[in-house]
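Enquirer: Here it is, the structure in full.
The values are calculated or read from the model by the stated rules, or taken from the named source; none is laboratory data. As the structure is a prediction and not an experimental result, all values here were calculated from the model. Every residue, glycine as well, gets a Cβ built from its backbone with ideal geometry; the counts of neighbours run over all protein chains shown. SASA here: full protein model, heavy atoms, side chains in, ligands and nucleic acids out. Shrake-Rupley method; radii C 1.70, N 1.55, O 1.52, S 1.80 Å.
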Amino acid sequence: MNADERRFEVLRAIVADYVSNQEPVGSKALVDRHNLGVSSATVRNDMAALEDEGYIAQPHTSAGRVPTDKGYRLFVDRLSEIKPLSQAEKRAIRSFLDGAIDLDDVMRRSVRLLAQLTRQVAVIQVPTLSRAAVRHLEVLPITPSRLMLVLITDTGRVDQRIVELGDVISEEHTAQLRGVLNQAMAGQRLAEASAKVAELPDEVPSNLRDPMLRVATVLIETLVEHPEERLVLGGTANLTRSITDFPGSLRQVLEALEEQVVVLKLLAASRDPGRVLVRIGEENEAAEMRSTSVVSIGYGSRDNPLGGLGVVGPTRMDYPGTMAAVRAVANYVGEILTGR
């Protein structure tokens, strides 16, 4: 082991102890707790070198040191692999998320589960209609002159609209409408589906033209909507367990989470379902978030990214465990939504 490798092992031990105990770490404690294979004097020299390079700092006059943002970054970058969750943990995640009844329930369960696994604040971006494709359109008669449209997308979103026809329509004609609409829309992105629906009133037989025009008008309004992106949060109270990690800034962090815009920007960078992104302290653009770390990832598939999810917590965080939990939950959420 050369000097650089040995110093990284010292840094890794300091990170592990500080994350676990929240106490500055001294050289004697490192030698006692970790099998570093060198003397206390060598560890002291390595700690001095790490401090000179900005990887650790001395918070006060005690002999102990704590990792800096730069130290955490090196630690995260040098993780050879993200430790996998146990089979029991994976089964528990799948079982909990498989019980969801609709998209909103998937979102709520995901943040609850992620907050419990990481003991941090969990956030997930709700897929918007603009990213979705049409899976199916159900056309249901409510009265002889009123229909209900139920639009189901590949993101699991269900959108309902009522159409007043102004005239009576038979069950046979309702079935014809349903067939024509699904043939035109199924599998189409919403923008393309909207364009196809706009052409249908001129393409159907004359006896279907008026009801199709009314249905198309309502559908186009639904398809071209771009609802404001939403976040679902869970476990906000977890931040209060670590008040000392946010000296004078916890209120700012909570306000930023409440505003949601800051977190949406963070998650916007997490489009790749295959890559966990870690932003540590000063790497966060928003000043309110510079006492936090954000661990995030995209969910869905590379061909059809649906949104981002992740956790927000103090920089003093179990990065390997948090990264594993974020990745596992994202995998299952993506499977559930793209498989429905």
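Enquirer: With (1) part of a strand (DSSP E or B); (2) open to solvent by 60 Å² or more (accessible area, probe 1.4 Å) as the list, and ALA191 as the residue in question, which single condition is left unmet?
Expert: (1)
Enquirer: Check VAL204, VAL232, VAL168 and return the single one that is within 30 Å of ALA122 (Cβ to Cβ) and either part of a loop (DSSP other than H, G, I, E, B) or in contact with a Ser or Thr (Cβ under 8 Å, 6 or more places away or on another chain) (or both). Even if it seems obvious, please write down each step before you answer.
Expert: Values: VAL204 fails: within 30 Å of ALA122 (Cβ to Cβ); VAL168 fails: within 30 Å of ALA122 (Cβ to Cβ).
Sole residue among the options that is within 30 Å of ALA122 (Cβ to Cβ) and either part of a loop (DSSP other than H, G, I, E, B) or in contact with a Ser or Thr (Cβ under 8 Å, 6 or more places away or on another chain) (or both): VAL232.
Enquirer: Mind checking whether some residue in region 328-338 is of a type outside the set (Asp, Glu), buried (at least 18 other Cβ atoms within 10 Å of the Cβ), in contact with a strand residue (DSSP E or B) (Cβ under 6 Å, 6 or more places away or on another chain) and in a strand (DSSP E or B)?
Expert: no
Enquirer: Related question: Cβ-Cβ under 6 Å, sequence separation 6+ or interchain: first residue in region 319-340 and farther than 18 Å from GLY187 by Cα, partner open to solvent by 10 Å² or more (accessible area, probe 1.4 Å) and part of a helix (DSSP H, G or I). Which pairs?
Expert: TYR319/VAL76; THR322/THR118; ALA325/LEU117; ALA325/THR118; TYR332/ARG94
Condition check ((1) in contact with a Ser or Thr (Cβ under 8 Å, 6 or more places away or on another chain); (2) open to solvent by 50 Å² or more (accessible area, probe 1.4 Å); (3) in a strand (DSSP E or B); (4) among the polar types (S, T, N, Q)) across all residues:
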site	(1), (2), (3), (4)
ARG251	no, yes, no, no
LEU257	yes, no, no, no
ARG271	no, yes, no, no
ARG275	no, yes, no, no
GLU285	no, yes, no, no
GLY298	yes, no, yes, no
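Enquirer: Which of the residues that make up region 135-165 are β-branched (Val, Ile, Thr), modelled with pLDDT under 90 and assigned to a strand (DSSP E or B)? Spell out how you get there, then give the answer.
Expert: First pass over region 135-165, keeping only residues β-branched (Val, Ile, Thr): 139, 142-143, 150, 152-153, 155, 158, 162-163.
Those still in the list that are modelled with pLDDT under 90 too: 152-153, 155, 158.
Within region 135-165, ILE152, THR153, VAL158 qualify.
Enquirer: Only residues that are surrounded by 18 or more Cβ atoms within 10 Å (Cβ to Cβ) and at pLDDT 85 or above: list them for region 75-99, please.
Expert: PHE75, VAL76, ILE93, LEU97
Okay, residues lined up against (1) more than 22 Å from PRO314 (Cα to Cα); (2) touching a residue at least 12 places away in the same chain (Cβ under 8 Å); (3) out of contact with any Phe, Trp or Tyr (no Cβ under 9 Å at 6 or more places or on another chain):
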{"site": "PRO24", "(1), (2), (3)": "no, yes, no"}
{"site": "LEU36", "(1), (2), (3)": "yes, yes, yes"}
{"site": "SER40", "(1), (2), (3)": "yes, yes, yes"}
{"site": "GLU51", "(1), (2), (3)": "no, yes, yes"}
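Condition check ((1) in contact with a strand residue (DSSP E or B) (Cβ under 7 Å, 6 or more places away or on another chain); (2) in contact (Cβ under 8 Å) with a residue 60 or more places away in the chain) across all residues:
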position: ILE82; (1), (2): no, yes
position: ARG91; (1), (2): no, no
position: LEU97; (1), (2): no, yes
position: ASP102; (1), (2): yes, no
position: SER110; (1), (2): yes, yes
position: LEU117; (1), (2): no, yes
position: ARG146; (1), (2): yes, no
position: THR153; (1), (2): yes, no
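Enquirer: Can I ask one more? Name the residues in region 4-22 that are touching a residue at least 40 places away in the same chain (Cβ under 8 Å) and either more than 30 Å from GLN120 (Cα to Cα) or open to solvent by less than 20 Å² (accessible area, probe 1.4 Å) (or both), would you?
Expert: At the first step, the residues of region 4-22 found to be touching a residue at least 40 places away in the same chain (Cβ under 8 Å) are 6-8, 10-12, 14-15, 18-19, 22.
Across region 4-22, the qualifying residues are ARG6, PHE8, VAL10, LEU11, ILE14, VAL15.
Enquirer: Give SER27, SER39 a once-over and let me know the one that is farther than 29 Å from VAL276 by Cβ, of a type in the set (Ser, Thr, Tyr) and open to solvent by less than 40 Å² (accessible area, probe 1.4 Å).
Expert: Values: SER39 fails: open to solvent by less than 40 Å² (accessible area, probe 1.4 Å).
Answer to the check: SER27.
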